[in-house]
Amino acid sequence: MARTAWIEMLFPPLVALLVALVAGDLLILAYGQNPAAVWHLLVDGTWGNFYGIGQVLYKATTLCFTGLSVAIALRAGLFNVGAEGQLAAGGFGAGLAGLLLPATMPWFFAFMLMFLAAALCGSAVAAVPGVLKARFGAHEVIATIMMNFMVLALLNYLVAAHLHTPETLHTQSIASGLVPRLSVLLPVFHGSAANWLIVLAILAALLVGVVLFASRFGFELRAVGLQVGAAENAGISVGSTWIRAMLLAGALAGLGGLNFVLGYKGFYEDGFAGGAGFLGIAVALVGRNHPLGVVISALCFATLSQGGLAIHALVPKQMVEVLQALVILAVAMAVPEVRTRLARSVRGKP
Amino acid sequence: MTTLAIQMTGIDKRFAAVQANRGASLEVAKGEIHALMGENGAGKSTLVKILAGLQPPDAGQFFVDGREVTGWTTPQALTAGVAMVHQHFMLVPTLTVAENVVLGREPTHGLRLDRQAAVQAVRDLCQSSGLQVDPNRLVADLSVGEAQRVEILKVLYRGAQVLLLDEPTAVLSPPEVAELWGVLRRLQQGGATIVLISHKLDEVMAISQRVTVMRQGQTVQVLDTAQTTAAELARAMVGRDVDLDVQRPENQAGKPLLRVTQLQVQGSRGQPALLGLDLTIHAGEILGIAGVEGNGQSELLDALAGLRPYQGSIKLADQELATLSLSQRTQAGLAHVPEDRHQRALILDYSVADNLILGKLAEFSRRGVLDQRAIAAHAAELIAEYDIRPTDPQVPVRGLSGGNQQKVVLARELSRSFKVLLAAQPTRGVDVGAIEFIHARLRQARAQGKGVLLVSSELREILTLSDRIAVLYRGRIVAMLPRAQASESVLGAYMTGAAQAVTHG
């Protein structure tokens, strides 16, 4: 029983990856290159050296947070397309808090304050669609997409008009509470952006696992996601579960912003999210909304996106973006919950 | 020997972990009404779906009209005149009856639909089959019984000679059932062959010529209806003797527990569904609500359970429920077996153990963390007490038969401390063995001095269990009868509006 359940869980994403790889082969052939050489280059440029590994880990950290954000919302039956805006807001919150803190503040307090700021800003952005859904039944996909537009435009304005250092689109550097890179302790990673926030990402995945599968709240959240009517009948408050799920999702995506702001640059820069929030949707789907799956699929997508730079010598790096899109399409077709969700929204049910 | 319309032998079909058919066989003679009986999960529906070309069998031989068929699909089945009458109506509500019937094979006039020809075709079909529906009405305005007639017209329009019906009476009122039997007999006279899935013994006795009984995916017996009895059929289905008419001990109704006064509720489309309803349930009493579906039963249940706003008063042991949330009502002493098992009562992808703690989470968690040990102990206890099968508490409820799913719901609700139980369609889609069990549990609740509100579309169930019977018709209680004064024909008259409103006792 348990074994078939595992196979059912792992089968669709693996098939999807395989299909995408075959399609990728055909594309590379069509471009007149040898697929084996391209794949070799891709693996070599990512897992073949410590700089590559470090870059993959850095990218995976952000994707892990946004993937968890999408996954926990999906478990509650909500399609959080707004991780992009929540991620940006989280990074901005951390950056702004960093600017306001005195430089002499001890590291721990500074970090904790920026941590809270990132989580709160992400939550605040996600709360709006959550409340609209719970209170008025507004569809969360529309609401989260709209929030992305508003948040990204607002942040762009705030930075461009008020907070930037001259000649740039980023804020001034934060003085205290920055997260050291892995290379401080492990010099082999020298030059890569990988930093100790990856530990936080893994802790977050563990915490999401515990919340989903061992806590009362997680039980209720999954119940609402699977069968709204039965959950309501069991006395679970559907609206408040939705709102809490969105707050949690927003906080997770918001924390992803720390990776760039505290772990890499040391300041907030406009447009840093760069699609990592949207990619979180794919990460969650390929990871089957399971925290462990999200960690693994975040590593896969990070490998692809870092690999795009490596294969540039043979094929355009956009090839990797096409490949990612193929993975997402294949997964969307193969993963049952996506199909049923689509079918449900066609039928007009929640 | 007459020619066989259908001959299936050695049919195997497996769905993941479930072996739905193992070497099942079915032989249907041309021109007969053949009943297919069995408990839930016996494999009847699977066998019929294979027959209709909806699912391929894993193994087995299969002849239609004496011709062996392989790779049978729905279009092939339709061409050969074998068609399924769908139970969950697959009609387009915004189109008319005639448009629905011809959908997919429309008579055309150039590029346009020839509406007149469609209407005429439906009229002709109605005439020859005895089905009565106005071809020009919108399907959205039809009653359930009428919608079913349209489904039958659809397959007749496609020239079906073998009609497959999967529990066609589940949604019908007694007069509608009688009408359906008339139609089926008339179709039979016209040469049609009919395969009918049912687990209602009296229906099978009334309409069929032969019965195939299935148990655990196998065909266990084929009987001539004229030479068998309901008791023999029940034994063949369950594999042991079944007693469905337990004598009811005399009613010792106690103090009033639930008092409903002037209850007004709106239906989901905003129409008034209950127009000032009064009723009282006493301790140690089963109050049956009879009525054709859609006369306010769902709204009554929703209002009582707290799922729908209402005007008027509902008092449980002198406590006004109006301001209480759903979970507060549960705490106040309300237990609820909802009518829609799959949407309301169970989370199909949750395990049996997890479904058993729905609505009881406070008891099974400490500081927000689930107490897995207590959950497992609770599940083991209830699985044993209610004979839920399979006995593995970690199996998703989706994999259970209808009867066992309902036992899960019942086990959960009856194991609360409650004063009044709302039991809606407690045995719908449930096999005979489980019906007996569920009825015994409802009687037990009554014997313990609980109040039970029983809403059922099965008159027989209402008559077997209830101490008093209220008939709901168009949002009003048109009759309140003590059991002694009620009978199927009396209730039927009130249910259809043929008799005027009266209230006794």
Check off (1) facing chain A (nearest Cβ under 10 Å); (2) closer than 26 Å to A:M9 by Cβ for B:V352 and give me the number that stays unchecked. (1)
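Within the bounds of the stretch B:255-263, is there any residue that is modelled with pLDDT of 80 or more and more than 26 Å from B:K419 (Cα to Cα)? Talk me through it step by step, then tell me what you get.
Narrowing the stretch B:255-263 to residues modelled with pLDDT of 80 or more: B:255-263.
Those left that are additionally more than 26 Å from B:K419 (Cα to Cα): none.
The answer is no; no qualifying residue exists.
Taking B:R158 as the residue in question, decide whether it is of a type in the set (D, E, K, R), modelled with pLDDT of 90 or more and within 19 Å of B:M84 (Cα to Cα).
On the way: of a type in the set (D, E, K, R): yes; modelled with pLDDT of 90 or more: no; within 19 Å of B:M84 (Cα to Cα): yes.
Answer is no for this residue.
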Mind checking whether some residue in the stretch A:48-64 is within 14 Å of chain B (Cβ to nearest Cβ) and either within 23 Å of A:A194 (Cα to Cα) or at pLDDT below 90 (or both)? no
For A:G257, the lone unmet condition from (1) modelled with pLDDT of 80 or more; (2) closer than 25 Å to A:W47 by Cβ is (2)
For the stretch B:330-349, which residues satisfy the criterion of being surrounded by 23 or more Cβ atoms within 10 Å (Cβ to Cβ) and part of a loop (DSSP other than H, G, I, E, B)? B:P338, B:L346, B:I347
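Given the structure, is A:G274 more than 14 Å from every other protein chain (Cβ to nearest Cβ) and modelled with pLDDT of 95 or more? If you could, list the steps in order and put the result at the bottom.
Working: more than 14 Å from every other protein chain (Cβ to nearest Cβ): yes; modelled with pLDDT of 95 or more: no.
Spelling it out, it is not the case that A:G274 is more than 14 Å from every other protein chain (Cβ to nearest Cβ) and modelled with pLDDT of 95 or more.
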Give the residue that is surrounded by the most Cβ atoms within 10 Å (Cβ to Cβ), with candidates limited to residues of the stretch B:285-320 that are under 23 Å from B:V171 (Cβ atoms) and small (G, A, S). B:A290
When you scan the stretch A:229-245, how many residues do you find that are surrounded by fewer than 24 Cβ atoms within 10 Å (Cβ to Cβ), within 12 Å of another protein chain (Cβ to nearest Cβ) and either in contact with a Gly (Cβ under 7 Å, 6 or more places away or on another chain) or farther than 27 Å from B:L346 by Cα (or both)? 1
Spot the failing condition for B:T323; the list is (1) surrounded by fewer than 22 Cβ atoms within 10 Å (Cβ to Cβ); (2) of a type in the set (S, T, Y); (3) within 14 Å of chain A (Cβ to nearest Cβ), and only one is missed. (3)
Give the residues of the stretch B:326-335 that are within 20 Å of B:S298 (Cα to Cα) and either facing chain A (nearest Cβ under 7 Å) or free of Cβ contacts under 8 Å to residues at least 24 places away in the same chain (or both), sorted by residue number. B:L326, B:S327, B:T330
Which number in (1) surrounded by fewer than 16 Cβ atoms within 10 Å (Cβ to Cβ); (2) out of contact with any helix residue (DSSP H, G or I) (no Cβ under 7 Å at 6 or more places or on another chain); (3) not in a loop (DSSP other than H, G, I, E, B) marks the one condition that B:P175 misses? (2)
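Select from the stretch A:188-217 the residues that are within 14 Å of chain B (Cβ to nearest Cβ) and more than 20 Å from A:L255 (Cα to Cα) and list them in ascending order. Let's see the steps before the verdict.
Initial filter on the stretch A:188-217 (within 14 Å of chain B (Cβ to nearest Cβ)): A:207, A:209-217.
A:F213, A:A214, A:S215, A:R216, A:F217, listed by residue number.
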Residue satisfying condition, being closer than 30 Å to B:L459 by Cα, out of contact with any Asp or Glu (no Cβ under 9 Å at 6 or more places or on another chain) and either modelled with pLDDT under 90 or not charged (D, E, K, R) (or both), within set B:H336, B:H342: B:H342
Answer yes or no as to whether A:L113 is closer than 21 Å to A:V159 by Cα and not hydroxyl-bearing (S, T, Y). yes
Going through (1) out of contact with any Asp or Glu (no Cβ under 8 Å at 6 or more places or on another chain); (2) within 14 Å of another protein chain (Cβ to nearest Cβ); (3) closer than 21 Å to B:D467 by Cα one by one, B:I289 fails only at (2)
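Hey, could you check the stretch B:364-381 for residues that are over 22 Å from A:G209 (Cα atoms) and surrounded by fewer than 22 Cβ atoms within 10 Å (Cβ to Cβ) and say which is farthest from the other protein chains (Cβ to nearest Cβ)? Talk me through it step by step, then tell me what you get.
Taking the stretch B:364-381 as the starting set, the residues that turn out to be over 22 Å from A:G209 (Cα atoms) are B:377-381.
Restricting the remaining residues to those that are surrounded by fewer than 22 Cβ atoms within 10 Å (Cβ to Cβ) gives B:377-378, B:380-381.
Values: B:A377: 17, B:H378: 14, B:A380: 17, B:E381: 19 Å.
Across the stretch B:364-381, the extreme among qualifying residues is B:E381.
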Qualifying position, being more than 21 Å from A:A143 (Cα to Cα) and surrounded by fewer than 21 Cβ atoms within 10 Å (Cβ to Cβ), among A:F213, A:F219, A:F267, A:F260: A:F213
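Can you find even one residue in the stretch B:135-153 that is in a loop (DSSP other than H, G, I, E, B), under 24 Å from B:A29 (Cα atoms) and either touching a Lys or Arg at 6+ places or on another chain (Cβ under 7 Å) or not β-branched (V, I, T) (or both)?
Taking the stretch B:135-153 and keeping what is in a loop (DSSP other than H, G, I, E, B), we get B:135-137, B:142-143.
Keeping just the survivors that are under 24 Å from B:A29 (Cα atoms) gives none.
No, every residue in the stretch B:135-153 fails to be in a loop (DSSP other than H, G, I, E, B), under 24 Å from B:A29 (Cα atoms) and either touching a Lys or Arg at 6+ places or on another chain (Cβ under 7 Å) or not β-branched (V, I, T) (or both).
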Does any residue of the stretch B:356-375 turn out to be in contact (Cβ under 8 Å) with a residue 24 or more places away in the chain, part of a helix (DSSP H, G or I) and closer than 28 Å to B:R446 by Cβ? yes
Looking only at the stretch B:204-232, count every residue that is in a helix (DSSP H, G or I), within 21 Å of the chain's Cα centre (by Cα) and modelled with pLDDT of 85 or more and tell me the total. 4
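A:N259: away from chain B (no Cβ under 14 Å) and touching a residue at least 40 places away in the same chain (Cβ under 8 Å), yes or no? Even if it seems obvious, please write down each step before you answer.
Numbers: away from chain B (no Cβ under 14 Å): yes; touching a residue at least 40 places away in the same chain (Cβ under 8 Å): yes.
Against the criterion (away from chain B (no Cβ under 14 Å) and touching a residue at least 40 places away in the same chain (Cβ under 8 Å)), A:N259 qualifies.
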List the residue pairs whose Cβ atoms are under 7 Å apart, where the first residue sits in the stretch B:388-416 and is more than 12 Å from chain A (Cβ to nearest Cβ) and among the polar types (S, T, N, Q), the second is buried (at least 19 other Cβ atoms within 10 Å of the Cβ) and in a helix (DSSP H, G or I), and the two are 6 or more positions apart or on different chains. B:T391/B:I383; B:Q406/B:R341; B:Q406/B:A434; B:Q406/B:I438; B:S415/B:L382
What's the number of the condition B:G403 fails, among (1) surrounded by 22 or more Cβ atoms within 10 Å (Cβ to Cβ); (2) assigned to a loop (DSSP other than H, G, I, E, B)? (2)
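Residue-wise test of (1) farther than 28 Å from A:L200 by Cβ; (2) modelled with pLDDT under 85; (3) surrounded by fewer than 22 Cβ atoms within 10 Å (Cβ to Cβ); (4) out of contact with any Cys (no Cβ under 8 Å at 6 or more places or on another chain).
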{"site": "A:L285", "(1), (2), (3), (4)": "no, no, no, yes"}
{"site": "A:A302", "(1), (2), (3), (4)": "no, no, no, yes"}
{"site": "A:P316", "(1), (2), (3), (4)": "yes, no, yes, yes"}
{"site": "A:V346", "(1), (2), (3), (4)": "yes, yes, yes, yes"}
With the requirement that a residue be among the small types (G, A, S) and within 13 Å of B:V155 (Cβ to Cβ), what does the stretch B:57-79 give you? B:A77
Go through the stretch B:142-160 and give me each residue that's more than 22 Å from the chain's Cα centre (by Cα) and surrounded by fewer than 21 Cβ atoms within 10 Å (Cβ to Cβ). B:R158, B:G159
Residues to consider are A:L279, A:L252, A:L248; find the one that is within 14 Å of chain B (Cβ to nearest Cβ) and crowded, with 24+ Cβ neighbours inside 10 Å. A:L248
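The values are calculated or read from the model by the stated rules, or taken from the named source; none is laboratory data. Given the structure is predicted, the values throughout are model-derived calculations rather than measurements. Glycine gets a Cβ as well: all are built from the backbone with ideal geometry, and neighbour counts include every protein chain shown.
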